[in-house]
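Colleague: Before we start, here is the structure in question, set down as structure tokens.
The values are calculated or read from the model by the stated rules, or taken from the named source; none is laboratory data. Bear in mind the structure is a predicted one, so any value in this text is a computation, not a measurement. Please note: Cβ atoms are built from the backbone with ideal geometry, for glycine as well, and neighbour counts cover all protein chains shown.
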Amino acid sequence: MKSILVMNGPNLNLLGQREPGLYGNTTLADVETLCHDAAQKHGVAIEFMQSNHEGVLIDAMHDAGRKIANGDMIGVVFNAGAFTHTSVALQDAIKGAQVPVIEIHISNVHAREEFRHHSYLSPVAAGIVVGFGVKGYALAIDGLMATYGDEA
């Protein structure tokens, strides 16, 4: 069974307790369950991870590129958190590993602080889901499958 990698960046391990007025009360474990349920509808598996460390995320993107090249993975749903706005290295990893990525943000980053309006990932993302809360993860999975799922 092919898989989709759902990657989460810094501070997303604090979902449910960090700024609940902005991010809600849903935990990262709840998001993982939501992703498994969404993927099951498409007949694919989910690999789920979170790291507060940029290098760990880069290594995971490289690994995803190998799995995609081998035909074992479809793509990546990626909430890079604050690294979205700072990491040229993650942009390079996506390009270099040739990974179809759906960039996701729980909040509408364009309605927030000015520095959040710029994404280093958007230019290399296959698509972007912004502002739908944690339900955006399921939308991102659906979008990835609609675009790349023929290979599943």
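Colleague: Which numbered condition trips up Gly131, out of (1) under 19 Å from Gln98 (Cβ atoms); (2) free of Cβ contacts under 8 Å to residues at least 40 places away in the same chain?
Modeller: (1)
Colleague: Continuing with this model, one more query. Give all pairs with beta carbons closer than 6 Å in which a residue from region 1-27 that is touching a residue at least 40 places away in the same chain (Cβ under 8 Å) and under 20 Å from Glu103 (Cβ atoms) meets a residue that is in a loop (DSSP other than H, G, I, E, B) and among the polar types (S, T, N, Q); count only pairs at least 6 apart in sequence or on separate chains.
Modeller: Pro10/Asn52; Leu15/Thr27; Leu22/Ser107
Colleague: Tally time: how many residues in region 65-114 are modelled with pLDDT under 95, part of a helix (DSSP H, G or I), of a type outside the set (Val, Ile, Thr) and touching a Ser or Thr at 6+ places or on another chain (Cβ under 9 Å)?
Modeller: 1
Colleague: Would you please name the residue that is surrounded by the fewest Cβ atoms within 10 Å (Cβ to Cβ), looking only at residues in region 99-129 that are within 14 Å of the chain's Cα centre (by Cα) and more than 30 Å from Gly71 (Cβ to Cβ)?
Modeller: The selected residue is Ser107.
Colleague: Here is a follow-up. Any residue at all in region 44-54 that's surrounded by 14 or more Cβ atoms within 10 Å (Cβ to Cβ), of a type in the set (S, T, N, Q) and in a helix (DSSP H, G or I)?
Modeller: no
Colleague: What's the number of the only condition in (1) out of contact with any helix residue (DSSP H, G or I) (no Cβ under 8 Å at 6 or more places or on another chain); (2) under 19 Å from Gly149 (Cα atoms); (3) without any contact (Cβ under 8 Å) to a residue 60 or more places away in the chain; (4) not acidic (Asp, Glu) that Val56 fails to meet?
Modeller: Only one criterion is unmet by Val56, namely (2).
Colleague: While we're here: Give me the pairs: first residue in region 70-91 and within 14 Å of Met7 (Cα to Cα), second residue among the β-branched types (Val, Ile, Thr) and surrounded by fewer than 16 Cβ atoms within 10 Å (Cβ to Cβ), beta-carbon distance under 7 Å, and six or more apart or on different chains, which are they?
Modeller: Between residues of region 70-91 that are within 14 Å of Met7 (Cα to Cα) and residues that are among the β-branched types (Val, Ile, Thr) and surrounded by fewer than 16 Cβ atoms within 10 Å (Cβ to Cβ), there is no close pair.
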